[in-house]
Amino acid sequence: MAKFSKIEVLNAMASTGMVPVFYNKDVEIAKNVVKACYEGGVRAFEFTNRGDFAQEVFAELIKFTAKECPEMAMGVGSVVDPATAALYIQLGANFVVGPLFNPEIAKVCNRRLIPYTPGCGSVSEIGFAQEVGCDLCKVFPGDVLGPSFVKGLKAPMPWSNIMVTGGVKPTRENLEGWFKAGVTCVGMGSNLFPKEVIAAKEWNKISGLCKSALDIIKEIR
């Protein structure tokens, strides 16, 4: 069962403005990364459902964060079907994110009052997602669609809450472009977790990158 309410999760995403996106098959690495992000100010974290037995890693991770990162809303990403969404919700996922929009996932999430953030690549997709109760939609892939897409969408649909993922970088120039276009928050993956930093287990550097990105977002807003 989710630890946080739908409103609490959406508020955490909106207030911080950034959701780290990460996967690793090693539970201990995942624990250290989440803890580092938490210490850097992150309060919503997306663990991606990618490798074999990813759900087992997530099960351990969410137990760990409940004790070590009590204010962290843990969610799952890369979900494309309702069965997978249900599995992670049963494990305690506080939100579900996908690279595409599947209205059947919305039904599963709505039944348990879990935020579903689908990946959308057109204004129509976002409109259809909003019709089935998606409060926050993901513009994906962000590096393909660009900030101008978000700006164009917000003009006729200013009520839209948008998270952009794909190519987002923890730099002032990149973040400024997205937030000035009108995004609610950004999802950030590989640029927040350099491979060499993970390999060297320099967790404090990840905390520093998170804090820096969050500080930039706060200034931009």
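The values are calculated or read from the model by the stated rules, or taken from the named source; none is laboratory data. Note that the coordinates shown come from a computational prediction; the quantities given were computed from them, not determined experimentally. Positions of Cβ are backbone-derived with ideal geometry, glycine not excepted, and every protein chain shown enters the neighbour counts. These area figures cover heavy atoms from the full protein model, side chains too; ligands, DNA and RNA do not enter into them. Shrake-Rupley method; radii C 1.70, N 1.55, O 1.52, S 1.80 Å.
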Check cross-link reach from residue 63 to the aspartates and glutamates: straight Cα distance under 16 Å, and skip same-chain residues fewer than eight apart. 26, 28, 46, 71
What residue among 33, 183, 197 shows peak mean-square fluctuation when the chain is described by a Gaussian network model with Cα springs under 10 Å? 197
Using alpha-carbon coordinates alone, the radius of gyration and Dmax of the range 1-157 in Å work out to 15.1, 46
Of 22, 64, 45, the one that fluctuates the most in a GNM where the chain has Cα springs shorter than 10 Å: 64
For the chain: relative contact order, % (alpha-carbon pairs under 8 angstrom, 6 or more apart): 22 percent
When the helix-only estimate is applied to the chain (DSSP H runs of n ≥ 4, each -39,500 (n - 2.57), divided by the residue count), what is the mean residue ellipticity at 222 nm, nearest 500 deg cm²/dmol? -15000 deg cm²/dmol
Going down the list 151/205; 107/205; 107/154; 31/154; 151/218; 154/218, which pairs span over 29 Å between their C-alpha atoms? 151/205; 107/205; 31/154
Most to least packed among 112-122, 184-194 [average Cβ atoms within 10 Å]: 112-122, 184-194
Near the amide H of residue 73, under 5 Å away, which other amide H atoms are found, from residues 5 or more places off or on another chain, if H is placed in the peptide plane? 44, 45
Residue-normalised accessible area of the chain, given per residue in Å² at a 1.4 Å probe: 45 Å²
